[in-house]
Amino acid sequence: MSHPALKSLYVALSLLAGTASAADPVTIAYQTGIDPSKVAQADGAYEAATGSKINWRKFESGAEVIAAVASGDVPIGNIGSSPLAAAASRGLPIQTFLVTAEIGDSEALVVRNGSNITAPKDLVGKKVAVPFVSTTHYSLLAALKHWGVDASKVNIVNLRPSEIAAAWQRGDIDAAYVWEPALGTAKASGKVLVSSAQVGKWGAPTYDLWIVRKDFAEKNPEFLTQFVKVTGAAYAKYNADPKGYAANSANVDKIARLTGAKPQDVALLLAGNTYPSLKRQAELLDKPFADAVGKTAEFLRAQGKVEQVQSSYLPYVTSRFVNAALK
C-alpha cells in the first residue's frame, strides 16, 4: 500500500474485524464510476478489514448489477439511485447501506461536434444514447422535462457505456448522457450540454450507492460495518485534501486502472462528485435519501419506466452499518 497511515488503519480494522469474515468468498459488483474508494479497492483494503476473500466483478450498468443481485449470485452491488428506485419499486429484497457519491459533473449530456445541436430544442429528432433505467437516463428525462422538450420526440436509444463509446466513434449517435470512460470518449469530440450537477439543482439529484441483499446483511453485519469503515476512511482522506489526493500519481493510476478513465481526467472527475462523510451518510440514510428515491420512483412511473411505486422507500434504506461504523 502506498500510504503508511492508511495501511496501519486497514491493519487495525482487520484485527478488529473478528466475526466480520464471511464463511465463503463474497462477490461484489462494482462499476466504473470515479470515487476515492477505488484506491482502497485496488489496495486490498476491504479484504484486509473484513478478513474475507472478495471476488470483484465489474459491470457496465446498474440494470446489470440489479439482475445479478436479484439472481442471488451477487449479494453486494454498486448502482445508482434510479436503478435502485426501479428495483425497490418491484420489491427486490435489498437495502442501500452506503451512499457512494452525490453525483455532479462526472455524468453529463454531451452533444457531438457537427450534430447541429446548440440548444436543448435541437435535440428533437436526434439520436441520443443512454443506458436505460440508469442515473443518466433519469437525469436526461429530468433535463428534457425542465427544458420543455417532449421526450417522445427525441430518439432515445438504450446502449451500454461501452456501446455508447463505440457508437460515438462510428458517428452513429448525435448525443449521449453517460459516465466514464465513455464520457471522456464523447467529450473528446463534443461539448457538454448539461451535467448532473445542474440537473440536481433543478430538483432531480442523483446518487451512486451500495446495496446489499437483506439475507446477506442479516448473516454478515460485521462484514458490512467493516466495508463501511474502509469506504469512510477513503473518503476522509480525499476530503481532507482533494487537490493533494488527485495530484498523487499512485491514486490516479489505481482509479484509472479500475475504471478505464484516462489518468489525465481523474482529478477533474473526482472533483465532479461529493463524497459524503460517515456523519453525513448517517443523516442522508436516516430519511432524506429514501425521500429522494421515492421522488425518483414517482418520476419513473410518470415516464412509464416502472408500473407501481412503494408507499415508502424507508424499508429499502438502512443507516445501521454506518451508525455501527461511527461507534
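The values are calculated or read from the model by the stated rules, or taken from the named source; none is laboratory data. Just so it is clear, the structure is predicted and the values come from calculations on it, not from any experiment. Cβ placement follows ideal geometry from the backbone for every residue including glycine, while neighbour counts extend to all protein chains displayed. These accessible areas exclude ligands, DNA and RNA; they are computed on the full protein's heavy atoms, side chains included. Shrake-Rupley method; radii C 1.70, N 1.55, O 1.52, S 1.80 Å.
Just the protein heavy atoms count here, and of the accessible area of the chain at 1.4 Å, carbon and sulfur take up 50 percent. Shape analysis of the stretch 192-254 places it in the oblate category; the axes a ≥ b ≥ c from the Cα gyration tensor give an a/c of at least 1.5, with a/b not above b/c.
Three principal axis extents of the stretch 111-186 based on alpha-carbon atoms, in descending order, are 29, 27, 17 Å. For the options R160, R257, R170, a Gaussian network treatment of the chain with springs between C-alpha atoms closer than 10 Å singles out R170 as fluctuating the most. For the peptides 26-33, 238-245, residues were scored by their other Cβ atoms within 10 Å and the scores averaged per peptide; the highest-first order is 26-33, 238-245.
Relative to one another, the C-alpha centroids of the stretch 22-71 and the stretch 259-327 are positioned 17 Å apart. Seen from V317, the other residues with C-beta closer than 11 Å to its C-beta sum to a net charge of 0, counting Lys and Arg as +1 and Asp and Glu as -1. Among (1) 19.2, 60; (2) 20.3, 86; (3) 21.9, 90, find the value of Rg and Dmax of the Cα atoms in Å that was calculated from the structure presented, and write down its label. From the options (1) 19.2, 60; (2) 20.3, 86; (3) 21.9, 90, the structure gives (1). The residues of the chain expose, per residue, 40 Å² of accessible area to a 1.4 Å probe. Remark: for residue pairs K126/K295; K145/K305; K38/K219; K187/K237; K53/K229, the C-alpha separation exceeds 19 Å in K126/K295; K38/K219; K187/K237. Taking the chain as a Gaussian network of alpha-carbon nodes connected by springs under 10 Å, the highest mean-square fluctuation of the residues D286, D150, D35 belongs to D150.
When the square roots of the Cα gyration tensor eigenvalues are ordered a ≥ b ≥ c, the ratio a/c for the stretch 183-327 is 1.5 or more and a/b does not exceed b/c, which makes its shape oblate. Calculated translational diffusion coefficient of the stretch 87-143 (4 °C, 1.567 mPa s; Stokes-Einstein with Kirkwood radius over alpha-carbon pairs) equals 92 µm²/s.
Mind checking which aspartates and glutamates have their Cα closer than 17 Å to the Cα of K243? Skip sequence neighbours fewer than 8 apart in that chain. By straight Cα distance, K243 reaches D35, D105, D253, D265.
Using a cutoff of 8 angstrom between alpha carbon atoms and counting only pairs six or more residues apart, the relative contact order for the chain works out to 27 percent.
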